[in-house]
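Beneath this line is the structure, given in structure tokens, with notes to follow.
The values are calculated or read from the model by the stated rules, or taken from the named source; none is laboratory data. Worth saying up front: this structure is predicted, and the values here are computed from it rather than measured. Here Cβ is always computed from backbone atoms with ideal geometry, including for glycine, and neighbour counts include all displayed protein chains. Heads up: the accessible areas ignore ligands, DNA and RNA and are worked out on the full protein's heavy atoms, side chains in. Shrake-Rupley method; radii C 1.70, N 1.55, O 1.52, S 1.80 Å.
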Amino acid sequence: MRSMRIAVAGATGNIGALTVAALEQAGHHVVRISRSLGVDLTTGDGLDAALTGVEAVVDATNSTATDRDEAVTYFGTTTRTLLAAEERAGVRHHVLLSIAALDRVEGNAHYAGKREQERLVTEGPVPWTIVPATQFHDFAAMVTSWTERDGTATVAPLLIQPIAPADVADVLAEIATGAPQGRYREVAGPEPQDLVDMARRTNDARGRTVKLVPTWSALFGPAMAGEVLLPRAGARIAPTTFDEWLAQQR
């Protein structure tokens, strides 16, 4: 396989950094796009220079906005800016990391922002692939870090089929080096898990003592109950189990 020049937006984040590593390991030249590295997707500062000679872009950016309008505005602004710069630079493939079951969840600000992002990509000027992935193996720990107060954390009793972050990065790297595929099939881990149990086991593995209170919240309401977040039939199943990932956390 020939070496390509590929940009990764959100390159300093969890999935972005792993995608950079996967691409570099495969022999590609990677351009890192991140505000901390001097490229701002909100304003476009530094973006044209960064995309010079780039053939494909992986968008692994994220937002911590909990307000619906704020999330939609952030994802909308950054995606419009990025796609316009890609068109000017002649980029031939835009790869977007998205969320599985995005169309089945209403009332969640982050999901609303991601739907706007998907809409702009599908209607945009650059050939695209959207990769919808399930929640990551470290999702439970992330949720408890948001809600923990004085040694107690609330966790929604979600049923999910989590995937290892490194497995997501490998899929993104693979797809970025190929032709645009439109909407790719959902990508998930090997087995369903209960989020409360995941949080307990992750804290145990990391030596943290946190009292967990299962409850629905503003972030994760009953609309996400049952099998809503599980992947559809025909999903691509990644190899790394939650147990295998957990063993690396000790």
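Could you list all residues from region 1-32 that are assigned to a helix (DSSP H, G or I) and open to solvent by less than 70 Å² (accessible area, probe 1.4 Å)?
If the condition is that a residue be assigned to a helix (DSSP H, G or I) and open to solvent by less than 70 Å² (accessible area, probe 1.4 Å), then 15, 16, 17, 18, 19, 20, 21, 22, 23 are the ones that fit.
Okay, residues lined up against (1) among the β-branched types (Val, Ile, Thr); (2) more than 23 Å from residue 46 (Cβ to Cβ); (3) modelled with pLDDT of 95 or more; (4) out of contact with any Ser or Thr (no Cβ under 6 Å at 6 or more places or on another chain):
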| position | (1), (2), (3), (4) |
| --- | --- |
| 105 | yes, yes, no, yes |
| 126 | yes, no, yes, yes |
| 143 | yes, yes, no, yes |
| 147 | yes, yes, no, no |
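So residue 173 clears everything in (1) open to solvent by 60 Å² or more (accessible area, probe 1.4 Å); (2) farther than 23 Å from residue 105 by Cβ; (3) in contact with a Leu (Cβ under 8 Å, 6 or more places away or on another chain) except one condition, right? Which one?
Here residue 173 meets the rest and fails (1).
So, residue 101, is that one surrounded by fewer than 23 Cβ atoms within 10 Å (Cβ to Cβ) and in contact (Cβ under 8 Å) with a residue 24 or more places away in the chain or not?
yes
Return yes when residue 57 is out of contact with any Pro (no Cβ under 6 Å at 6 or more places or on another chain), buried (at least 22 other Cβ atoms within 10 Å of the Cβ), touching a residue at least 24 places away in the same chain (Cβ under 8 Å) and among the hydrophobic types (A, V, I, L, M, F, W, C) and no when it is not.
Answer is yes for this residue.
I'd like to know if region 195-203 contains one or more residues that are out of contact with any helix residue (DSSP H, G or I) (no Cβ under 9 Å at 6 or more places or on another chain) and on the phi < 0 side of the Ramachandran plot.
No, region 195-203 has no match at all.
Out of the residues in region 126-170 that are hydroxyl-bearing (Ser, Thr, Tyr) and more than 17 Å from residue 216 (Cβ to Cβ), which is surrounded by the most Cβ atoms within 10 Å (Cβ to Cβ)?
Applying the filter and picking the extreme gives 134.
Yes/no per residue for (1) in a loop (DSSP other than H, G, I, E, B); (2) of a type in the set (Lys, Arg):
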{"residue": "39", "(1), (2)": "yes, no"}
{"residue": "42", "(1), (2)": "yes, no"}
{"residue": "52", "(1), (2)": "yes, no"}
{"residue": "70", "(1), (2)": "no, no"}
{"residue": "79", "(1), (2)": "no, no"}
{"residue": "85", "(1), (2)": "no, no"}
{"residue": "88", "(1), (2)": "no, yes"}
{"residue": "98", "(1), (2)": "no, no"}
